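Participant: Dropping the structure in here first, questions after.
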Amino acid sequence: MKKPYRKRYILFEIISDSKIKEELIEIAIKKAIKELFGEFGLSEANPKLLKEFSKGKKHVLCVDHRYVQKTKLAMAYVKEINKKKLIIKTIKVYGTLKKIKGVIK
Amino acid sequence: MFWDFWIEEFDEKILLNLGFHGVCVFGDAQSKKLFVLKGEKIFAKNSEELKIKCKRTKADFLLLVKPNVKMQRVAIKRCLVDGINAFVKYPLIKEMAEKNIALVISFNDFLNSKEPTKTIALMKDSIKLAKKYKTPIVIVSGAKTKWELRGTSELIAFGEVLGLKRNEAKAALREFQEKIFERQKLKKQGKYIMPGVRKV
């Protein structure tokens with residue numbers, strides 16, 4: 001039987017001139033989801049940045065499987081963090097952490 | 001092959017990183033790694049200005065930006081442009097499908113909108129009609145600076161949120177654009193005469 005809530009792991013890259021802290025990235029993404037889809041959408045998407053998988057400008061965001069596309073849109077909606085302009089580029093969406101470990105290392 | 005058909009600032013490195021194979025630049029650009037077409041935005045206040053501007057230009061892709069309904073009607077009836085960036089409604093969107101004029105949806109309209117929810121609602125309406133009458137849809141980033149560029153997967157997600165299926169959203173990034181690129185190739189070879197007529 002399929003679980004009603006399945007996790008998806010979005011591997012993304014930050015394109016910017018300067019380095020941006022992981023906490024700020026997570027806050028900015030959550031803020032964008034909240035702005036576009038509301039509190040209810042944010043609670044359903046349940047985005048979490050997995051800090052142990054962050055490497056350089058590449059990061060991993062864990063979300064609900066129903067909110068993958070909406071989260072991607074919200075990530076594209078982030079224009080700047082701390083007045084530093086940036087582009088968030090999605091690389092790939094994974095279904096398990098095992099696969100993502102192989103890609104990042 | 002994915003295309004971004006509305007870029008004002010050209011940055012080859014970022015565009016390649018974002019997964020594009022070709023772009024249409026509203027300005028000057030040259031690249032060896034990307035296919036580059038020259039586009040022109042057209043703003044017109046009345047129909048005569050519109051006709052003159054469309055005839056004078058030698059761009060590969062003509063885009064009518066934010067026209068009122070009267071300008072939309074003139075441009076569509078006379079088949080003056082290749083794409084329209086506006087929220088087009090019923091009778092005109094059907095005619096756009098017959099004349100093969102694309103509905104251009106810009107991500108930048110959403111990104112820099114004061115009311116993004118309202119913009120999305122209007123875009124959804126236009127896309128619903130475009131799907132019904134099989135009007136070509138083109139999703140573009142509409143970037144005025146390099147920081148407004150967005151990747152292919154983000155634009156596909158944008159299309160999906162607007163009500164397109166995944167394959168339709170992907171087609172919005174390549175199908176119509178490839179037709180324009182082929183037309184441009186024929187023009188360079190001197191084989192293109194007018195819509196529907198070409199030298200064999």
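Participant: What's the total number of residues in segment A:15-48 that are touching a helix residue (DSSP H, G or I) at 6+ places or on another chain (Cβ under 9 Å) and farther than 25 Å from residue B:120 by Cβ?
Facilitator: Count: 5.
Participant: Out of B:139, B:127, I need the residue that is under 29 Å from residue A:84 (Cβ atoms), touching a Gly at 6+ places or on another chain (Cβ under 6 Å), more than 9 Å from chain A (Cβ to nearest Cβ) and surrounded by 21 or more Cβ atoms within 10 Å (Cβ to Cβ). Which one? Spell out how you get there, then give the answer.
Facilitator: Working: B:127 fails: under 29 Å from residue A:84 (Cβ atoms).
Step by step, each of B:139, B:127 is checked, and only B:139 is under 29 Å from residue A:84 (Cβ atoms), touching a Gly at 6+ places or on another chain (Cβ under 6 Å), more than 9 Å from chain A (Cβ to nearest Cβ) and surrounded by 21 or more Cβ atoms within 10 Å (Cβ to Cβ).
Participant: Where residues in segment A:32-54 are without any contact (Cβ under 8 Å) to a residue 24 or more places away in the chain and assigned to a helix (DSSP H, G or I), which of them is nearest to the other protein chains (Cβ to nearest Cβ)? Walk me through it before giving the result.
Facilitator: Initially, segment A:32-54 is screened for residues without any contact (Cβ under 8 Å) to a residue 24 or more places away in the chain, giving A:34, A:38-40, A:42-44, A:46, A:48, A:52.
After this cut, where a residue has to be assigned to a helix (DSSP H, G or I) as well, the list is A:34, A:38-40, A:42-44, A:52.
Numbers: A:34: 13, A:38: 10, A:39: 15, A:40: 14, A:42: 15, A:43: 19, A:44: 15, A:52: 24 Å.
Top of the filtered list is A:38.
Participant: Determine which single condition residue B:89 fails, assuming it passes every other condition in (1) surrounded by 15 or more Cβ atoms within 10 Å (Cβ to Cβ); (2) in contact (Cβ under 8 Å) with a residue 24 or more places away in the chain.
Facilitator: (1)
Participant: Where the second residue is crowded, with 21+ Cβ neighbours inside 10 Å and among the hydroxyl-bearing types (Ser, Thr, Tyr) and the first is within 7 Å of chain A (Cβ to nearest Cβ) and lies in segment B:143-155, which pairs have Cβ atoms under 7 Å and are six or more apart or on separate chains?
Facilitator: Pairs found: B:149/B:141; B:150/B:141; B:151/A:90; B:153/A:90; B:154/A:90.
Participant: Shifting gears a bit: Tally the residues that are part of a helix (DSSP H, G or I) and exposed (fewer than 14 other Cβ atoms within 10 Å of the Cβ), restricting the search to segment B:147-165. First the steps, then the outcome.
Facilitator: If we filter segment B:147-165 for residues that are part of a helix (DSSP H, G or I), which is where we start, we get B:147-148, B:152-161.
Retained after the next criterion (residues that are exposed (fewer than 14 other Cβ atoms within 10 Å of the Cβ)): none.
Here the count works out to 0.
Participant: Name, by its number, the condition in (1) in contact with a strand residue (DSSP E or B) (Cβ under 6 Å, 6 or more places away or on another chain); (2) more than 9 Å from chain A (Cβ to nearest Cβ) that does not hold for residue B:134.
Facilitator: (1)
Participant: Suppose we filter segment B:13-45 for residues that are surrounded by 12 or more Cβ atoms within 10 Å (Cβ to Cβ), more than 17 Å from residue B:141 (Cα to Cα) and more than 20 Å from the chain's Cα centre (by Cα); how many remain?
Facilitator: Going through segment B:13-45 one residue at a time, the tally reaches 1.
Participant: Any residue that is in contact with a helix residue (DSSP H, G or I) (Cβ under 7 Å, 6 or more places away or on another chain), away from chain A (no Cβ under 14 Å) and either under 25 Å from residue B:16 (Cβ atoms) or at pLDDT 90 or above (or both) - is there at least one of those in segment B:174-187?
Facilitator: Step one: filter segment B:174-187 for residues in contact with a helix residue (DSSP H, G or I) (Cβ under 7 Å, 6 or more places away or on another chain), giving none.
Scanning segment B:174-187, I find no residue that is in contact with a helix residue (DSSP H, G or I) (Cβ under 7 Å, 6 or more places away or on another chain), away from chain A (no Cβ under 14 Å) and either under 25 Å from residue B:16 (Cβ atoms) or at pLDDT 90 or above (or both), so the answer is no.
Participant: Filter segment A:55-67 down to the residues that are closer than 15 Å to residue A:7 by Cβ and either small (Gly, Ala, Ser) or not in a helix (DSSP H, G or I) (or both) and list them by number.
Facilitator: Hits for segment A:55-67 are A:60, A:61, A:62, A:63, A:64.
Participant: Considering only residues that are facing chain B (nearest Cβ under 8 Å) and of a type in the set (Lys, Arg), which ones fall in segment A:57-105?
Facilitator: Passing the criteria: A:70, A:72, A:79, A:85, A:89.
Participant: What do you reckon, is residue B:168 among the acidic types (Asp, Glu) and either surrounded by 22 or more Cβ atoms within 10 Å (Cβ to Cβ) or at pLDDT 90 or above (or both)?
Facilitator: Here the answer is yes, as residue B:168 does meet what is asked.
Participant: Still on this structure, please answer the following. Give the residue, chosen from A:58, A:48, that is basic (Lys, Arg), touching a Leu at 6+ places or on another chain (Cβ under 8 Å) and farther than 25 Å from residue B:20 by Cβ.
Facilitator: Checking each option against the conditions leaves just A:48.
Participant: Something else about it: Please verify whether segment A:92-103 includes one or more residues that are free of Cβ contacts under 8 Å to residues at least 60 places away in the same chain, touching a strand residue (DSSP E or B) at 6+ places or on another chain (Cβ under 7 Å) and in a loop (DSSP other than H, G, I, E, B).
Facilitator: no
The values are calculated or read from the model by the stated rules, or taken from the named source; none is laboratory data. Since the model is a prediction, treat every value here as computed from it, not as a measurement. Glycine gets a Cβ as well: all are built from the backbone with ideal geometry, and neighbour counts include every protein chain shown.
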